[in-house]
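Asks: Quick one: the structure is below, and I'll ask about it shortly.
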Amino acid sequence: MSKDIHLPNHPFHTDTGRVYQGELNWGDGATNDLIVVIFHNTVAVAQPVSFYLQFSGWQKKKDVYDYRVYGMEQTEHGYKLHIKGEKLYYSFTAEMNERSMALQMFNPKGETNKPGTLDLVWPRK
């Protein structure tokens, strides 16, 4: 069973932030497209998260989206984050452990992709 995390006492709480990098797939919009996810300060509820990604299939080269963590729960293998932005079409869940995260994308229609694995690139472990 999972529980909400309200206090900054989990292993991903740092003052230096975290950077993850991997590939994103989404229908005809993205096929193995680069995605970089930056937690600016720490991994916690209400903290900012930036997504740098491209949708090569939709003629867009690079986009930057600002999101926030709006929910976080402890799981058997790490933590699950719920991430969304105000007035942004897509939302995400991220299953995190010490070295990587499985990122899954959703649209308001309930469509989703297969989770992609992003590796922790900073700070180095």
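Asks: Using a 1.4 Å probe and counting only protein heavy atoms, arrange ASP119, ASP33, ASP63 so the residue with the most accessible area comes first. Can you show the working numbers first?
Replies: Details: ASP119 85, ASP33 5, ASP63 35 Å².
The most accessible residue leads, giving ASP119, ASP63, ASP33.
Asks: Top to bottom by accessible area (1.4 Å), largest first, where do ARG18, ARG99, ARG124, ARG68 land?
Replies: On the way: ARG18 5, ARG99 165, ARG124 200, ARG68 120 Å².
From most exposed to least exposed: ARG124, ARG99, ARG68, ARG18.
Asks: Against the globular-protein guess of 2.2 N^0.38 Å, express the Cα radius of gyration of the range 69-108 as a ratio, rounded to two decimals.
Replies: Numbers: Rg = 10.7 Å, N = 40, 2.2 N^0.38 = 8.9 Å.
Against the empirical 2.2 N^0.38 Å value, I get 1.19 for the range 69-108.
Asks: Give a quick list of chymotrypsin sites (Phe, Trp or Tyr not before Pro) in the range 45-98 that DSSP marks as loop, anything other than H, G, I, E or B, with at most 12 other Cβ atoms within 10 Å.
Replies: When the chymotrypsin sites (Phe, Trp or Tyr not before Pro) of the range 45-98 are filtered for loop state and at most 12 Cβ neighbours within 10 Å, TYR89 remain.
Asks: Give me the percent relative contact order of the range 52-105, please, defined on Cα pairs under 8 angstrom at least 6 residues apart. Can you show the working numbers first?
Replies: On the way: 84 pairs, mean separation 11.6, N = 54.
Result for the range 52-105 is 22 percent.
Asks: Still on this structure: So, taking all protein chains as they sit and a 1.4 Å probe, how much accessible area belongs to GLU95, in Å² rounded to tens?
Replies: GLU95 exposes around 80 Å² with every protein chain in place.
Asks: Okay, which of the range 77-97 sit inside 16 Å, backbone N to the point 7 Å along the Cα-Cβ direction of THR42?
Replies: Answer for the range 77-97: none.
The values are calculated or read from the model by the stated rules, or taken from the named source; none is laboratory data. Note that the coordinates shown come from a computational prediction; the quantities given were computed from them, not determined experimentally. Note that each Cβ is placed from the backbone with ideal geometry, even for glycine, and that neighbours are counted across all protein chains shown. Protein only, heavy atoms only, side chains kept; ligands, DNA and RNA dropped before computing areas. Shrake-Rupley method; radii C 1.70, N 1.55, O 1.52, S 1.80 Å.
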